[in-house]
Amino acid sequence: MKQNAEQFTMDRYGLRPPFASFLPGIAGLHGVPIWCYYVNRGQGIVSFGVDNKDRAVMEFLPAHRAFEAADRRGFRTFLRRDGRFFEAFAHPEQCSMTVEMNALSLTDRGGESGLAVSVDYFVLPEERVGALVRRVRVTNVSGASCAVEMLDGMPELIPYGVGDGSMKGMLQTTKAWMQVEDVPARRPYYRVRVSMGDSARVGVVEGGSFALGFDEDGALLPVVADGEALFDQDTALARPGVFAEGGLAAVLARPQHSSNLLPCAFFAREGTLRPGEGFTVSELIGQVDSRVQLDRLLERKTDDAWFRAKHSRARALTDELCAPIQTATGDPVFDAYCKYTYMDNVLRGGMPLALGADKVFYAYSRKHGDLERDYNFFSMLPELYSQGNGNYRDVNQNRRSDTFFSPFVGRQNIHAFFSLIQPDGYNPLVISMQSYALDPQRAQCLASELPGPGREALERVLAAPFTPGRLYETLLDSAPASQAEGLFSRIMTAAEARLDAAFGEGYWTDHWTYDLDLIEEYLAVFPEQERELLYERAYTYYAPQAAVAPRARRYARTENGIRQYHALDDAFTPAGQDQYLHGADGELIRGTLAEKLALLCAVKFAALDPYGMGVEMEGGKPGWYDALNGLPGMLGSSMAETYELARLLRWTVGALERNGGAVELIEELAAFLDELEALCARRREDLDAPGEIPAFWNELNDAKERYRARVYAGLSGRRTVR
């Protein structure tokens, strides 16, 4: 049942085919996000945490396991009405789920219990603590007053310091490190006793997971952290026998163990409700790096009004985020579709921000890591101005319209992605989080504006590459908000952006095909900038961290024939220590976009298969469709990339003709182009003939392998004009 274009309500959701989704983890620029996944089983949420899978509060589970575990290991609501036990959401025929952009809600209409239960979930916005908010409302929908007891929470809560591997591979052993503190104070702090590394050096772990329950006035509720006090010996977590038989008094009277256990977090509430009356329990569950952060949060007046305001703010954040694509047509479903797809692009590619006078920074970007793509190791920095990791193709394709929606982005993405193109025509897989660096003298001068401890803290941050989030949090701790804002802007203006990347694994055949989209989109907004765009000397060369092996080492003879099982050269040693190539004189090599385009055209042309049809998967990886991973081993090639090559050649030749034609090239590339030109002239008749052209293919690959051997040894830095 559709409620409106931007919400979707599913009745009897637990009886529908299973699906998995997520809350987007948008906590605002001045908030710390969490990741959170849900399914249409149990009470929805099945996994959440801070940063990545190794900082889970509720264990990350792949979709299949999540569907199985949701109703036992997910959130649970246990009720007693006049001494009779019920579990909310245990009867799917009376339950509904409403999905929003940045929130999720559930309703159990009550049925036999006469107690309706509604649950709202959202990520805590605009706080320096990452947490999931869960709001549970119990309402007496019967015609008679009743005494209600409730325990609500999660049967398993992972202490800070326990990684995903420990949870899945050695949980029984790991329990020996686990402990819970401050349960009597109603602010339990879950952590491992000491560091868990297999090392003689053992350290204290300061960080902690936390779980807090509040009533409408903001008072902390009693908490149960030892599941045995609730479930007794029911290790299947099927029925909370202690509560079912004896109520809250029996549960709270039992001693709670505080160590050597996988703890839980249940909050206790009771009261007498007349018909139509109810009460609300608001829960904050998350993780912090120190108690100081938790103490700061608890200074807030966390009453019902505060939680309602946070819920409204969470909804407003996605409206503000999607404002650039606000669409008003006669079809509200289409308008909502535009909004949702825009947010999806932001989650992958990031939301561009102008920091300082001239810096473009992308907030919110992260690699997809949903329950159905459990192979991805995602990361969302637990800091303000949060950002995450990504892959070259994913980030690139989701920024292709940024100049249209945010013209101040300008050439930022063209510079970034073309600078990562290596001289062999490939690129690193992993795009790391954006950092910045400051000249030491300038850093010392700016830090001197703060008093003693603040100056020292800022100096430590500026002494190494820093993120905007870490810088901003340091300034907030060291200066009044107005001074912090001003100094933040001046530091970002003075800082130099550093785009870090990593090889990752293999070379995909299609990553480069998105680069031309960036150019075309930019010129659609700024057509008069074409010549300057082509010839500005602003592009670096990423230093290859792995080399494509020549055919003599790439191919292998097998019982099934020749296979390409050794795409990368195991003996390769990267040239130099920096991420970007320097010339023989030690200077960073910078070229033009025209040079980069000529490089891509030449190398991809030289990678055509023996039929002159598809671009060969010589780097060991196919295109985006990972299910075709076996094709490179079978000497596969792809026509999709050939069409992209034709498109790239057509655009590059036209652009050079419009703007003068001559291009300054690194000498290695110029020599390679000369070889290709001579080879094509010599073999032109063969090229026009149908069928396989092995002689041309062989000579083409010889030229490409000679070129790669030269550039893998390093670039001279010398240039020539072609």
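Output the strands (runs of 3 or more DSSP E) that fall wholly within region 1-112 and possess 3 or more residues being open to solvent by 10 Å² or more (accessible area, probe 1.4 Å) and not hydroxyl-bearing (Ser, Thr, Tyr), or say none.
Per the criteria, 8-11, 84-87.
Run residue 338 past the list (1) open to solvent by less than 30 Å² (accessible area, probe 1.4 Å); (2) over 21 Å from residue 29 (Cβ atoms); (3) under 16 Å from the mean Cα position of the chain (by Cα) and report the number of the one that doesn't hold.
Unmet for residue 338, out of (1) open to solvent by less than 30 Å² (accessible area, probe 1.4 Å); (2) over 21 Å from residue 29 (Cβ atoms); (3) under 16 Å from the mean Cα position of the chain (by Cα): (3).
One line per residue, one yes/no per condition, for (1) open to solvent by less than 10 Å² (accessible area, probe 1.4 Å); (2) over 20 Å from residue 156 (Cβ atoms); (3) among the basic types (Lys, Arg):
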residue	(1), (2), (3)
232	no, no, no
236	no, no, no
240	yes, no, no
259	no, no, no
267	yes, no, no
282	yes, yes, no
286	yes, no, no
289	no, yes, no
292	no, yes, no
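Conditions (1) open to solvent by 50 Å² or more (accessible area, probe 1.4 Å); (2) farther than 29 Å from residue 239 by Cβ; (3) in contact with a Phe, Trp or Tyr (Cβ under 9 Å, 6 or more places away or on another chain), marked per residue:
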residue	(1), (2), (3)
150	no, no, yes
155	no, no, yes
161	no, yes, yes
172	yes, no, no
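Can you confirm whether region 438-446 contains a residue that is of a type in the set (S, T, N, Q) and either in contact (Cβ under 8 Å) with a residue 40 or more places away in the chain or outside any helix (DSSP H, G or I) (or both)?
For region 438-446, residues of a type in the set (S, T, N, Q) and either in contact (Cβ under 8 Å) with a residue 40 or more places away in the chain or outside any helix (DSSP H, G or I) (or both): absent.
Restricting to region 641-656, and then to whatever is in contact with a helix residue (DSSP H, G or I) (Cβ under 7 Å, 6 or more places away or on another chain) and of a type in the set (D, E, K, R), can you tell me which residue is nearest to residue 617 (Cα to Cα)? Give the derivation first.
Residues of region 641-656 that are in contact with a helix residue (DSSP H, G or I) (Cβ under 7 Å, 6 or more places away or on another chain), as a first pass: 641, 644-645, 647-649, 651-652, 655-656.
Within this subset, residues satisfying the condition of being of a type in the set (D, E, K, R) are 641, 644, 647.
Values: 641: 10, 644: 15, 647: 19 Å.
My answer is 641.
I'm trying to understand the selection: among the residues of region 578-608, which are among the aliphatic types (A, V, I, L, M), outside any loop (DSSP other than H, G, I, E, B) and open to solvent by 10 Å² or more (accessible area, probe 1.4 Å)?
588, 598, 608 - these are the residues of region 578-608 that are among the aliphatic types (A, V, I, L, M), outside any loop (DSSP other than H, G, I, E, B) and open to solvent by 10 Å² or more (accessible area, probe 1.4 Å).
State whether the residues of region 552-574 include one that is in contact (Cβ under 8 Å) with a residue 24 or more places away in the chain, out of contact with any Phe, Trp or Tyr (no Cβ under 9 Å at 6 or more places or on another chain), of a type outside the set (Phe, Trp, Tyr) and over 21 Å from residue 500 (Cβ atoms).
Checked region 552-574: no residue is in contact (Cβ under 8 Å) with a residue 24 or more places away in the chain, out of contact with any Phe, Trp or Tyr (no Cβ under 9 Å at 6 or more places or on another chain), of a type outside the set (Phe, Trp, Tyr) and over 21 Å from residue 500 (Cβ atoms).
Scan region 315-340 residue by residue and report those that are in contact with a helix residue (DSSP H, G or I) (Cβ under 8 Å, 6 or more places away or on another chain) and under 25 Å from residue 378 (Cα atoms).
318, 321, 322, 339
Of the numbered conditions (1) farther than 26 Å from residue 312 by Cβ; (2) in a strand (DSSP E or B), residue 119 fails exactly one; give the number of that condition.
(1)
If we only count helices (runs of 4 or more DSSP H) wholly inside region 621-722, which ones have 2 or more residues that are surrounded by 19 or more Cβ atoms within 10 Å (Cβ to Cβ) and in contact with a Leu (Cβ under 8 Å, 6 or more places away or on another chain)?
Where helices (runs of 4 or more DSSP H) fall fully within region 621-722 and carry at least 2 residues being surrounded by 19 or more Cβ atoms within 10 Å (Cβ to Cβ) and in contact with a Leu (Cβ under 8 Å, 6 or more places away or on another chain), they are 639-658, 667-682, 694-712.
Just one of (1) under 28 Å from residue 51 (Cβ atoms); (2) open to solvent by 20 Å² or more (accessible area, probe 1.4 Å) trips up residue 441, so point out which.
Of (1) under 28 Å from residue 51 (Cβ atoms); (2) open to solvent by 20 Å² or more (accessible area, probe 1.4 Å), only one is false for residue 441: (1).
Out of all the residues in region 368-380, which are open to solvent by less than 30 Å² (accessible area, probe 1.4 Å) and outside any strand (DSSP E or B)?
Within region 368-380, 369, 370, 371, 376, 378, 379 qualify.
Quick one: is residue 15 aliphatic (A, V, I, L, M), over 30 Å from residue 476 (Cα atoms) and touching a Pro at 6+ places or on another chain (Cβ under 8 Å)?
On the way: aliphatic (A, V, I, L, M): yes; over 30 Å from residue 476 (Cα atoms): yes; touching a Pro at 6+ places or on another chain (Cβ under 8 Å): yes.
Criteria met by residue 15.
Counting just the residues of region 462-484 that are without any contact (Cβ under 8 Å) to a residue 40 or more places away in the chain and of a type in the set (S, T, N, Q), which one comes out most open to solvent (accessible area, probe 1.4 Å)?
Of everything passing the filter in region 462-484, 482 is most open to solvent (accessible area, probe 1.4 Å).
Could you identify the single residue in 83, 74 that is touching a residue at least 40 places away in the same chain (Cβ under 8 Å) and at positive phi? Before the answer, list the steps.
Values: 74 fails: at positive phi.
Going through 83, 74 in turn, the sole match is 83.
The values are calculated or read from the model by the stated rules, or taken from the named source; none is laboratory data. Note that the structure is predicted; figures quoted are calculated from it, not measured. Every residue, glycine as well, gets a Cβ built from its backbone with ideal geometry; the counts of neighbours run over all protein chains shown. Note: accessible area is taken over every heavy atom of the protein model, side chains too, but ligands, DNA and RNA are not part of it. Shrake-Rupley method; radii C 1.70, N 1.55, O 1.52, S 1.80 Å.
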